[in-house]
Each structure stands twice: as C-alpha cells, then as structure tokens.
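Reviewing the structure listed below.
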Amino acid sequence: MGRSRQHIGRSAILALLLGTAVPVLAQGAPAGVSLHDRIARADNGDMPFANPKEELAAMEAMRAEVAKGMKIDARDLLVLDKLRAVATAHTGDFPGATAMMNDVVARTRAQRLDQDPMMVSFLENLGTMESLHGDPSKGLTVLQAALDLVGRQAEPDLDELAAIEGNIGYSYLRLGRVVEAMRHLRKAVDGRSPGGNTRVAYLGSMNTLVSSLARLGDYDEALRYAELGLQRAAEWLPPNHVGFAYFHMNTATTYADSGRLAEAEASYRRALTVLDAHPGINVMLAGVAVGKLADIAVRQGRLEEAEALARRSLEAVKDNRTSERGALGTGWVRLGRILLARGDDSGAVAAVDSAKAAYVERGDTANDVWQAHELLARTRLLQGDPAAALAASGEALGLLAGILPLDAPERIDAEALHALILARLGRNTEAWERAQPLLVRMSAALADPRTSRRARLAIAPFYRSALSRLADVAAASGHPAEAFRTAQLASFTEISASSLALAARAASRDPATGADVRAVQDLQERIDHLGRERSFAQGKSAEQTARIDADLKTAQADLDTRLAALRRAFPDYDALTLPAPLDPAAAQAGLRADQALLLPVQSDDRLTSLVLTPAGLTVSSAQLAQRDANRAVQRLRAHLDGGAGATTPFDAGAAWQLGGAIFTKPALAALARSREIDIVGSGPLMTLPPGLLLLTAPQPRTGTPDLATLSYALRRFAFAVRPTVAKASPPTAGAAVAFLGVGAPVLGPSNEVLRGAGSSAGLLRGSVADAATLRALPSLPRAGDELTAMARALPTNGSVLLTGPAASEAAVRAQPLARFGLLAFATHGLISGELRGLDEPALVLTPPTAEPRSSDDDGLLTASEIAGLKLDAQWVILSACNTGAGTENGAGGYSGLARGFMQAGARSLLVSLWPVRDDVAARLTVEAVRGAVRGLSKAEALRRSELRLIADRKVPGGADPAIWAPFSLVVQ
C-alpha cells in the first residue's frame, strides 16, 4: 500500500470534531471490491461517512473478516488497525484509541517497518491522541519522531510536514508553551495551499493559530487568519460542515476579546446554527458556544441571563468525555465568576473547587487551571481576606509564568491583580515595583504607531481592568501623578480615538494637510465599517463577502499610500492621534479657575476619585466593590430606562451609594471653588449622568422620597464628559452661528410604540433600510416646534430647517454642512439591535416614498454614514432617544452616534442616554441653547434648564431624574 493518509483532526477549541467528518468507508463491502481496496479507499478518504459509531462499525466489520480467515497483507492489517483507532477516537474513547495506536506502532517496529512512509501517519495519530487526552509531553516526543521520519525521506511530502508541524504546535499549546506553539503553527499554515486530506489538518492548525494569536493579544493577526480560514473552509468544505463552527467560534472569541460584542454574539450564534445540522455529535461544542454567549452577557451586565447560559453550557460538557481537557474546568470558572459578580461568594468558592477537580480529573495541570486560582484570589479579596487572596494569586501566577509572556493580556491582568492585593496588605513598595513594568508594556502597546487603529481599539478593553487596578496601586503607593496618567489610559475608548483624530485635524499646519488628515481618517473609518459589515455577512452571502473583501483590499492599499505621504508631510500626526496621557501640571494649564477634572477609577474592591483643579491633584477612595457599583448602576437604569412611569422607583439609596463614593469629603473639599466638572472615564458608571448622583444621604422616610428635594450633584455642579484629558477648548458661548435643524420626519401615528429587538419586522434589506418598517415608527409631533424654537433663539439669519418631508437623508447631504456651527436632530435614535437587522446605531429621517435603491437616501442615517460627513460644528444636539447609548464593552455610554458625529467634526455633543419624553426634550434643548446664547457655558446652560424643570411643578414628573436628566454633554 502507499502512504497511510487518514489521521485524526484537532483544533484550538475542541480537537476531536474536525475529525468526525473526515470521509471513511461506509459499512458493508461493495460488491467486487477487495479488502485491500476497501482499506485503501478508507485510508484515502474516498468514501464519505460522518457518523462516528457507524464509522467504527465499518472498521470492525472489516477486522471481523480478517478474524474469520480473510487473507490480508501485514501492512494492510496495520493500516486497518490504525483506521480502527481513529474511528474509536471519533467516538470519544481516547484511552482505547491511544492503546490501539500504541499497539499499531509497536507491531510496525517489530516488523521492521519503522522507516516505512506509513509509519509517519501512525506516529502522527498517536502523538495527536496523546496531546489531546493523554500526556502532551509524550505526544510532542512522538510527533517530533514523525517529523524526523518525514525529513529523512528523499522526497518529503510538504503537506504532511505541515500537518505534523501543526500537531506539534497544538501539543506545545496544550503544554502552555504558547510562543513555541506559534512558531510551529505558522510553519503549518503560512504560504501553504494544501490538497487532499491534509486540508483538514491545515484548517485545524489555522484554528489553533487564531486562538493562540488572540491569547497573546495580537487581535489584528488573529482576525486576519480567522477570516482566511473561513475563506478556505468555504472553498474546501461542504455547506454546514462542522469545521465552520470552529472558525465562527474563534472569530467570535477574537471579536469578544476586542470589545466588539455584537459581532461576537452574531458569530457564536452562527456557529450554533452550523452545529444544529449535526445533532447528537456536537453537543459538547455547542455547550462551549453557549458558554461564550454567557461571557458576552456578563460584559453587558445581563448577569441573570449569563448564569442561565453558563449552567446550560456546563450540562453540555460535564458528562462528555470528548471535550477538550479544559472545557469542563473553564465552564465551572465561568459560572464562578458570574456568581461572584452576583454577590454569591460561597457559590463562587464552590465553583472553584469544582473547577480544580475537573482540571485534575481530565489531566490539565497548568494551561487552564490558573483561572480557578485567579477566581479564588478575586473572591478572597472581596471577602476582605487579602492574605488568602495573595496565596491564590501566587498559585495562578506560578502557572501563568510558564504559559504566557508578560506581554500577554491574561498575564498582565493577573499580575495587576497580584499588585493590587499586595497594596491591600500594605506592601506598597512591592506593589508599585510589580506595577511599573506592566504599565510600561501597556503604555507602549497603546502608543505604538506601528499598531493599527483597529488593533489599538481591540487591546484597550482587555487592558482596562489591569489599568484600573494599577491606577489604584499607584494612588495607594503614594504616586498620584502616575495614578492620574494611568487612569487616563484606563479611560481610552472608541470615542477617545475619535476625539484625538479631531484634535489632530485641528493641529494640522494648513488646509491641505488638514484635508489629507481627514482623508486618512475617513479611510480608517471605512475599513472599520467594512470589517464590521463583513463579520455580519459571513455565512450569509458568499457574493457579498467577496465584494466586501475586494473593497477592503482597495481601501487598505489606499490607506497605506495616503498614510505614508501624510507622515512625511505631517511628522507629528502619529503622536497626536495616539493615547498619550498628560501629567497633572499639563492638564491644569487648560483649566479655568472654576473648572475641575474628575477621573473616577473602579478597581475590584474600591472606587478611587482623582480630582484635578487649578490648586492641584487630590486623590481619595471609598470601599465600593466593582460588583456593588455595577448593581447600583443597574438599579438606577432600571428606573431611568422606563421613565417616570416605570414600575421600578428611583433608587435614591443607589444614587447616594455611587455619589458618596465618588464625591468623598476630600473630593468635595478640593472642589470647593469649582462650578463646572469635566469627567473622564469608562464603563458602567459613565452610563449615568453624574448630575443625578446624590451628595448627601437621603433622609430616611416611609414611602417614595420627594424627588424634588434630593441633594442632586446637579444643584452644586455643572457637568460635561470629556473623551480624553486635554487642554479645554476656549468657550464659544454667545457667538453667532449658522443653525441647521433636522427632524420631525414623516412616520406613523404618534401613539404607536417603538418596536424592540424582538420585532419580527426586518429593518434592513441588505445594507438598505426597509422604507415600510421606518414609516411604521411613531411620529414626534413636537419635534418641529422644538427645532423652530431653537432657530428663533439664535441671533443669526442663517438658519435652515429640514422638517417633515424635507427631513430626508438626501436633503441633509445636499446642505453645505461645514457652514453650520450648530446642528440639531430631533428624531428617533436607534441603537444596535433595537430593530431586527440593525447592527449599528442610526438616526431616523423621512424615508423615500419609493423603495430606496441605495443606503445614501433610505431614511436611516447610520453611525458609519455620520462619521463620513464633513462638519465644522461647535455643537451638535441629538434630541432623540438613546443617541449616546453604547453596549460595547467599556463604551462608557458614549459610542455609536456620538462617536460618529465627533469623527465627522463636532466639537461638543448633547446626547441622550435613555428614551426622552417628547415635550421634555423640546424644553431642555431649547433652554440650553438660549442659555448658551446668553453667554453661559454649554454645561451651565444645560444645568440651569434641568434645575428649572425640577422646580416646575406644572410638568408631570418633572422632578424625576428619568425626565430631567436624560441628556449628557460631551466636549472635546
């Protein structure tokens, strides 16, 4: 016989299941086909057969023929027994399969056939089985012997060499030696286009490489290989092949690690759709995908849903012996993290014990078990036992040190936790010494000009936890300036990047250079949008995916050319667009006498407030655990999102819990001369306007508190949100500006309720909005009056109003937008997922009377389209629902539409963080504009309009924060 080909597949997530669909011989002997030929056909994969049990039955049937006296060549018998071992592995019996392969290898050597080409396949299968569910070190030795044997052949099979390199890479990964794994995995896939059965091994190696790159924090490369893997899989595999599930899951994991949660969720669900086509075979892999969905729910604050998903995932993997060694233990760790976030410390500790037992039972002693120790460390820290937390953290780091380099995000996060625990024990010198190299690495990674914008935004969410911990460590260790700089890095988000981009345009030396800067930034936005569009198109339309790929290639080439030219003409460009935190003294220079900067930083068990005024920097902290702060935010949002009629009342206690932790006595003392506070931050806290937090505890009383008398922070301070710490722009209040008002689109009856994400109505047809769905949305009867009142409040004759039928996307695009200093949109704001098919935020305008053929005039102005507009506006007012809302990790409540307008050229924005009542929106925005015209700062003008609403007893519910506090001011 020729070279023995068929081997067991393996993957980065669950190594068995690519192999389950390797073609094998169907049960029963075809008439006239010899046993030799049947074995050869099975070994070469010529007979498609995907059911593991029937596959094994077919192999056993042929073995029974031999037992009954059928004559067979000794080499054929060895290959047949190899096929039996592979089929046995496919059923999940790895101990039995490994024993059979050991027997095949021993017999091959006894027959002095150990230099025969078929021995390569024998060794490769044995080594892979050992790496999967046996001894990875032994597996590595066996695979190396296979590689050496191929290398000694006169004409080595390069595809076979690559397949073995991939298996060696997987073995190194199972041993936790990620860097060595990467070296072999790249040899397995780079520059290769394999044929035949080795394509399965190639795809497995590609998957392993994707997960390894993501683990090392190289998300750009991870996504590149994931997308290449999906492309190759589409070319080589039949529709709904289980291999697609691996690539969708690895792509999804990379999206999730990058903070692109909506795209991640879509990819995980795509994987589950593929797995639905393989009932009974892939229950375990589906369980892993469900667990990943639980992770996304956690990051979006949906803890109850996350716990249900995590338990469902555990049920799928706990009794399945084919699962990857770490799958069960990781499932218990996932559940423990959720229980810890929900305040169930004893449940978290029990989950740790179950995880450790699972890791030991399934033979995983290093690669994943560190997660259980890390979870225990966090639990003990929150229980107030830092000594026990330090011991557990030390166990985790002892394992991680042999797995990941110090630059890897998981390692950095665990090291930062250890430093924080040291600080809690009062060992501040040790804590700071441990923190410094981590800060150097993260600062360098975020500010590296060679890193793409997409990669920078991908790594920032993963760094956020570590940076918040280290800002706390710096403050506790007596390094307030370092705490201030670190807190700025922890606050870096997408809107921060847009703010820096706008600042770079302003700093360009001449209009031509400014135009070049804008062209480069528009291309970067286009590439990001195309990448997002591609992620949602995968698995739906090969034609659409191919078109996007071609557009991406063209846009990337154009960007590379333009960026190189810009760097020659404008050498400071990179420095201006990279996150470079300011020292306190530099930030002070931009503050007015009555202005302050506030940076709230939330670590695991404490909230630290950094207050910078012209008098200096004040650092204070409060014992408020992150999980408790998150729960307080959720309690407040439960009321705010429902309006004054919400069934959940306004939780004054939660408003005081957060307000008291941020505005501590030292912080308020430092703010004694301040009237206006600019806040820089990220995370759940930033989804609340700070003005509704309380400065003193509410008076105990029965029943609902009098909302009009509470000590809102708004009564003392005006607030604005800054994406970055930079010198404040000089006030422009009172200046005459041209005004553009857009809104009151022609839609459905005003008494209709806006349909949510569960609607059966599809909003998009391809990339174009469905006009009928838009027309069914409720009209806003007061929106036109609101815009007219704004125009009358402005001392200018240059106002333009586009309302009713004129409020179309085409009419907006036709305006000379850069001429307007103030723009206002009074319409519906939709967030991603609010209507089925909507995968980015958008403003609703009047849809065309006929079905649109292009997204340029379909009645939906999306965030990506907004980013491409050419504005030069001092102020953009978005008087619509949810215009500042963001669900992505770390978005801080200011992503989506707000980021799009800043990218387009808006220097400040008034955005809403929850649905706004029509009459109140008109009152608040118009009064804010009038106040600014009278010379007030925008923040003070908004503050006074809100205070008047609170005091006006004629407005139903006006004193309720759900009514008066929806707007937040974002300033450059």
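The values are calculated or read from the model by the stated rules, or taken from the named source; none is laboratory data. Quick caveat, the model's predicted, so the values are computed rather than measured. Reconstructed Cβ throughout: ideal geometry from the backbone, glycine too, with neighbour counts over all protein chains shown.
Return the residues of segment 634-643 that are small (Gly, Ala, Ser) and under 25 Å from the mean Cα position of the chain (by Cα); say none if nothing qualifies.
Correct list: 638 only.
On the given criteria, is residue 648 outside any helix (DSSP H, G or I) and farther than 25 Å from residue 971 by Cα?
It is true that residue 648 is outside any helix (DSSP H, G or I) and farther than 25 Å from residue 971 by Cα.
For segment 577-633, give me the residue count where each residue is closer than 13 Å to residue 480 by Cα, under 27 Å from the mean Cα position of the chain (by Cα) and not aliphatic (A, V, I, L, M).
Number of matching residues: 2.
Right, residue 585: free of Cβ contacts under 8 Å to residues at least 40 places away in the same chain and of a type outside the set (Ser, Thr, Tyr) or not?
Judged against the criteria, residue 585 is a match.
Looking at residue 592, is it of a type in the set (D, E, K, R) and assigned to a helix (DSSP H, G or I)?
For residue 592, the condition - of a type in the set (D, E, K, R) and assigned to a helix (DSSP H, G or I) - is not met.
Kindly establish whether residue 593 is farther than 30 Å from residue 512 by Cβ, crowded, with 16+ Cβ neighbours inside 10 Å and at pLDDT 90 or above.
No.
Restricting to segment 936-963, name every residue that is without any contact (Cβ under 8 Å) to a residue 24 or more places away in the chain and closer than 29 Å to residue 795 by Cα.
Within segment 936-963, 944, 945, 948, 952 meet the criteria.
Would you confirm, using the coordinates I've provided, whether residue 390 is within 28 Å of the chain's Cα centre (by Cα) and in a helix (DSSP H, G or I)?
Taking the combined requirement at face value, the residue does not satisfy it.
Go through 158, 147, 126 for me and flag whichever is free of Cβ contacts under 8 Å to residues at least 40 places away in the same chain and closer than 17 Å to residue 86 by Cβ.
On inspection, the qualifying residue turns out to be 126.
Would you mind finding the one in 703, 756, 691, 748 that is at pLDDT below 95, of a type outside the set (Lys, Arg) and under 30 Å from residue 495 (Cβ atoms)?
None of the other options fit; the residue is 756.
Being modelled with pLDDT under 95 and of a type in the set (Val, Ile, Thr) narrows it down to one of 403, 421, so name that one.
From the options 403, 421, the qualifying one is 403.
Being crowded, with 24+ Cβ neighbours inside 10 Å and either among the hydrophobic types (A, V, I, L, M, F, W, C) or not in a loop (DSSP other than H, G, I, E, B) (or both): is that true of residue 467 here?
Yes: the conditions hold for residue 467.
Taking only segment 69-95 into account, find how many residues are of a type in the set (Asp, Glu) and not in a helix (DSSP H, G or I).
2
Out of all the residues in segment 926-935, is one or more within 21 Å of residue 796 (Cβ to Cβ), at pLDDT 90 or above, assigned to a strand (DSSP E or B) and not assigned by TED's automatic domain parsing to the domain that holds residue 712?
For segment 926-935, residues within 21 Å of residue 796 (Cβ to Cβ), at pLDDT 90 or above, assigned to a strand (DSSP E or B) and not assigned by TED's automatic domain parsing to the domain that holds residue 712: absent.
Consider residue 516 carefully, then state whether it is among the acidic types (Asp, Glu), at pLDDT below 95 and either touching a helix residue (DSSP H, G or I) at 6+ places or on another chain (Cβ under 6 Å) or crowded, with 20+ Cβ neighbours inside 10 Å (or both).
Taking the combined requirement at face value, the residue satisfies it.
So how many residues does segment 129-144 have that are crowded, with 24+ Cβ neighbours inside 10 Å and either in contact (Cβ under 8 Å) with a residue 60 or more places away in the chain or under 15 Å from residue 188 (Cα atoms) (or both)?
5
Taking residue 917 as the residue in question, decide whether it is in the same structural domain as residue 869 (by TED's automatic domain parsing) and within 24 Å of residue 707 (Cα to Cα).
When the stated conditions are applied, residue 917 passes them.
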